[in-house]
Number of protein chains: 2
Amino acid sequence: MAIVDTFRFTDAEYETRLTRVRAAMEARGIDTLITSDPSNMAWLTGYDGWSFYVHQCVIVGPTGAPVWFGREQDAQGALRTVYMNEPDLIGYPDYFVQSSERHPMDYLAAKLTERGWHTGRIGVEMENYWFSAKGFQSLSAGLPNDLIDVTNVINWLRGPKSPAELDRMRKAGKIVERMHARIVEKIEPGMRKCDLVADIYDASLRYDADWGFGGDYPAIVPLLPSGADAAAPHLTWDDKKMATGEGTFFEIAGCFRRYHCPLSRTIFLGTPTQKFIDAEKAVLEGMEAGLEAAKVGNLCEDIAIAFFNVLQKYDIVKDNRTGYPIGLSYPPDWGERTCSLRPGDRTVLKEGMTFHFMTGLWMQDMGFEITESIAIGENGPECLANVPRKMVVKD
Amino acid sequence: MAIVDTFRFTDAEYETRLTRVRAAMEARGIDTLITSDPSNMAWLTGYDGWSFYVHQCVIVGPTGAPVWFGREQDAQGALRTVYMNEPDLIGYPDYFVQSSERHPMDYLAAKLTERGWHTGRIGVEMENYWFSAKGFQSLSAGLPNDLIDVTNVINWLRGPKSPAELDRMRKAGKIVERMHARIVEKIEPGMRKCDLVADIYDASLRYDADWGFGGDYPAIVPLLPSGADAAAPHLTWDDKKMATGEGTFFEIAGCFRRYHCPLSRTIFLGTPTQKFIDAEKAVLEGMEAGLEAAKVGNLCEDIAIAFFNVLQKYDIVKDNRTGYPIGLSYPPDWGERTCSLRPGDRTVLKEGMTFHFMTGLWMQDMGFEITESIAIGENGPECLANVPRKMVVKD
């Protein structure tokens, strides 16, 4: 149904994705796959909307197009965004919404049964924000066989990006470039953090006539903790004034039609302390080493080990992973939740895989982030955005 | 631990909340309650951060303060936001994050066992975005007894707001007033929707010297579909130009320190069609009837029935609920997910309960929203924001 078409890829691209999903299902002996991850739903069908706060999913049955399943009122949104036709949409009545007596998964079980898709091996994503423990119990109760865990089966397929997907990520890269430029332009001691966040949103959203596009909402709000609070990576902003003598990291992403380009930088107001200068030196050198290792045929851990080796030289301990795959995403996370850039992860790097090389340091009394988003290529990585790779110092 | 204190309520308020939770546990014979809902976690402890994309929870054991459980790096954020002390925080190592071999709930089971909280009746929220089917399986496997479903037990306690909470919601009301005023000021035919969204964010965030505060991020991004797309309630924006002859509804919320005041209005560019004029008349009259019924001692359904009766008079069918409780929230939803304003919901209205009276109409080829957020009082409702209650027409 082509009503709103700007969000969608070509039908051929969706058909290719479906074929790849069916092959993965066959390899695991799965007859019907149910995905509740909104990113997987969008990747498979084009579905887009802020409706993941109620139960919804896409069903890949043994034959035919994917089937969208969701709240009846959201079927209107599906009609406008998916590449399938109206008979491939199932809306459940509103009295299933947040009811303590009825569960949308009861309705799904009945609909699967109507289509004859209730038998055989049915896969669900057991580890997903949007498939609750109760949803699992309700669906299980309505179907004859035990459900099979297919967590991340589709997420893995999303790893290597198509040219059309990379194009979106480069556009997201343009947006994040503008966001960082705006921060450098606006930040100053005494500025209230909520005002800077308003500037960041402005730079992430507005239409640019030269580019011919504007921005979408990133899957995570801007994170910009200062001083000792920056030891805590996931605090959000307040309305206090920023102070001289403090470092602030900016963990933000540009987003274009749900595709993300995250990229972090650190700004010090006043004269940076030695700790910040040391962190910058170690991170920049470590990033060079990591980027050197980011090429087709190497492993995820190769990037991480190269980076960690440099940190070690500088006596810096980072006890968390140093990156994750990125692309199409909905809140609460812009990662794909498959491989990680960490020692022990022996995932082979392929052409077109995209990562946030997350070289952030969160220490006892400070935080420091200079990161890049990259696409893996035959001869090395492409940086998806071009933001000066250094700590910014401003008085 | 008082490092960042702006977000927190008084310790006494948290103690009162804990006492109420323990009473609810006792009534259900629950020895230990585990809540994964970030809103419940914040309400119980003050914890605030964008970390709900990994497993975390607050544990209310048989005795003592609540215990925060989350990723080790987020314990730094907990230290800065919760009212408890450091021994009441448990951080799990990073190799539990998004691993296919280890699950944070394995670690939680071990920690409960260490504290002797692994026996007895343990409650978990089976229907929650952040407690996955896999998390349920992992935790179950690590504990001797079957887990008990305590979905919404805390959410129900959050229903009636304290004076300090109402104060935050009124501040959120100020913010949403400014957001709507900005929309009316800025909107015009030919304006790109992403640019209007930038203006909306600006109005939702900036510090106001008269108020003495700035804004926080709402749990849902602005929804502002136009024309026939407004039949779909949850489409997000694009970068196209807005056109004369189309109606657009704005479903937005002000947010102050995680407390929300949602409020929707509809704007028509050009001369409104009869359908819009009719919808406005029916909704405004229906709202008056509904607000009349919104008082202590009445039932949730009384508000809905009063509203639906008026719609019926105008031959308008609305086949979804007409409101839900609101307050403290994190994405993906600013509702509390307990009662609903719909026929059949016989929840008794109490002083200080707060609702989004969601009188939106989504029809075949248009959408229309004029809504209010209200606090229930002895003699009727308090509207938490003051935005002219009418359709705005602009050329």
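All of the numbers you see were taken from the coordinates with simple rules; none came from a lab. If you're wondering where the values come from, they're calculated on a predicted model, not measured in any experiment. Reconstructed Cβ throughout: ideal geometry from the backbone, glycine too, with neighbour counts over all protein chains shown.
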For this session: Taking amide H positions as placed in the peptide plane 1.01 Å from N, state which residues far from A:GLU127 in sequence (5 or more) or on other chains have amide H under 5 Å from it.
Result: A:THR151, B:LYS134
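Decide, for the stretch A:260-336, between rounded, prolate and oblate: order the square roots of the alpha carbon gyration tensor eigenvalues as a ≥ b ≥ c, take rounded if a/c falls under 1.5, and otherwise choose prolate if a/b is larger than b/c, else oblate. Intermediate results must be reported in sequence, preceding the final value.
Values: a/c = 2.31, a/b = 1.25, b/c = 1.84.
Oblate is the answer for the stretch A:260-336, as a/c is 1.5 or above yet b/c matches or exceeds a/b.
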For this session: Kindly give the distances from B:GLY245 to its copy-mates, label point to label point, with each label point 7 Å from Cα along Cα→Cβ, as nm values to one decimal ordered shortest first.
Result: 6.3
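Taking the number of other C-beta atoms within 10 Å as the exposure measure, put B:CYS194, B:CYS255 in order starting with the fewest.
Working: B:CYS194 21, B:CYS255 27.
The order, fewest Cβ neighbours first, is B:CYS194, B:CYS255.
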Exercise. What angle, in degrees between 0 and 90 and rounded to the nearest 10, separates the Cα long axis of helix A:193-205 from the longest principal axis of the Cα atoms of chain A?
Worked result: 60
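State, as an integer percentage, the relative contact order of chain B based on alpha-carbon contacts under 8 Å between residues 6 or more apart. Walk me through the numbers on the way to the answer.
Working: 861 pairs, mean separation 56.5, N = 395.
Relative contact order for chain B comes out at 14 percent.
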For this session: Using Cα pairs closer than 8 Å and at least 6 residues apart in sequence, work out the relative contact order for the stretch B:163-394, in percent.
Result: 24
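Can you put A:SER204, B:SER138 in order, fewest other beta carbons within 10 Å first?
Details: A:SER204 27, B:SER138 22.
With the sparsest Cβ surroundings first, the list reads B:SER138, A:SER204.
Mind running the shape call on the stretch B:1-157? Use the C-alpha gyration tensor, a ≥ b ≥ c as the square roots of the eigenvalues: rounded below 1.5 for a/c, prolate if a/b tops b/c, oblate otherwise. Please list the in-between numbers first.
Working: a/c = 1.62, a/b = 1.12, b/c = 1.45.
Taking the square roots of the gyration eigenvalues as a ≥ b ≥ c, the stretch B:1-157 is oblate.
Take the alpha carbon gyration tensor of the protein assembly as shown, find the square roots of its eigenvalues, order them as a ≥ b ≥ c, and report rounded if a/c is under 1.5; if not, report prolate when a/b exceeds b/c, else oblate. All intermediate terms of the calculation are to be shown ahead of the outcome.
On the way: a/c = 1.22, a/b = 1.22, b/c = 1.00.
Rounded.
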For this session: Express the relative contact order of the stretch B:125-253 as a whole percentage, based on alpha carbon pairs under 8 Å and six or more residues apart in sequence.
Result: 20
For this session: List, in order, the whole-Hz ³J(HN,Hα) value for each residue of the stretch B:182-191 obtained from phi through the Karplus relation with A = 6.51, B = -1.76, C = 1.60 and θ = phi - 60°; use x for Gly and Pro.
Result: 5, 4, 4, 5, 8, 5, 6, x, x, 6
Exercise. Given a Förster radius of 60 Å and the C-beta distance between B:LYS350 and A:GLU351 as r, what FRET efficiency does 1/(1 + (r/R0)^6) yield to the nearest 0.05?
Worked result: 0.50
Seminar exercise, completed: Scalar couplings 3J(HN,Hα) for the stretch A:300-310 by Karplus 6.51 cos²θ - 1.76 cosθ + 1.60 (θ = phi - 60°), nearest whole Hz, x for Gly and Pro, are 3, 5, 4, 4, 5, 5, 4, 5, 5, 4, 5
Exercise. By how many nm would the segment from A:GLU15 to A:ALA181 lengthen if fully extended, with 0.36 nm per residue of separation less the alpha-carbon distance?
Worked result: 55.8 nm
Seminar exercise, completed: Here the residues of the stretch A:104-137 lying in the modelled label zone of B:ASP146, meaning backbone nitrogen under 15 Å from a point 7 Å along Cα-to-Cβ, are A:134, A:137
For this session: Provide the gained length on full extension for the span A:GLU86 to A:SER99, in nm with one decimal, where the gain is 0.36 nm per separating residue minus the Cα-Cα distance.
Result: 2.0 nm
Exercise. Near the amide H of A:GLY323, under 5 Å away, which other amide H atoms are found, from residues 5 or more places off or on another chain, if H is placed in the peptide plane?
Worked result: A:LEU341, A:MET358
Exercise. How far is helix A:133-142 tilted, in degrees, relative to the longest principal axis of the Cα atoms in chain A, given as a value from 0 to 90 rounded to the nearest 10?
Worked result: 20
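Suppose only helical runs count, i.e. DSSP H with n ≥ 4. What mean residue ellipticity at 222 nm does that imply for the protein assembly as shown under -39500 (n - 2.57) per run, divided by all residues and rounded to the nearest 500 deg cm²/dmol?
Working: 20 runs with 262 residues, N = 790.
The per-residue figure over the protein assembly as shown is -10500 deg cm²/dmol.
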For this session: Starting from a label point 7 Å past Cα on the Cβ side, list the distances from A:SER99 to the same position in the other copies, nm, shortest first.
Result: 4.1
Problem set entry | Derived scalar couplings ³J(HN,Hα) [the stretch A:389-395; Karplus, 6.51 cos²θ - 1.76 cosθ + 1.60; whole Hz; x for Gly, Pro] | 8, 7, 6, 8, 10, 9, 8
Problem set entry | Restraint check, B:LYS240/B:LYS394; B:LYS171/B:LYS313; A:LYS161/A:LYS241; A:LYS318/B:LYS111, Cα-Cα greater than 30 Å | B:LYS171/B:LYS313; A:LYS161/A:LYS241
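Averaging over every viewing direction, what projected area does the convex hull of the Cα atoms of the stretch A:246-395 cover, in nm²?
On the way: hull surface 35.3 nm².
That works out to 8.8 nm².
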Seminar exercise, completed: Label model pair A:LYS240, A:ASP210: point-to-point distance (7 angstrom along the Cα→beta-carbon line) in nm is 3.8
For this session: Using only Cα atoms, tell me the angle between helix A:104-114 and the longest principal axis of chain A; keep it within 0 to 90° and round to the nearest 10.
Result: 40
Problem set entry | Pairwise FRET efficiency - B:ASP319 versus B:MET191, Cβ, R0 = 45 Å, nearest 0.05 | 0.85
Exercise. Hey, fewest Cβ within 10 Å first, where do B:ARG8, B:ARG342 land in order?
Worked result: B:ARG8, B:ARG342
Problem set entry | Once the Cα gyration tensor of chain A is diagonalised, semi-axes √(5λ) in Å | 40, 23, 20
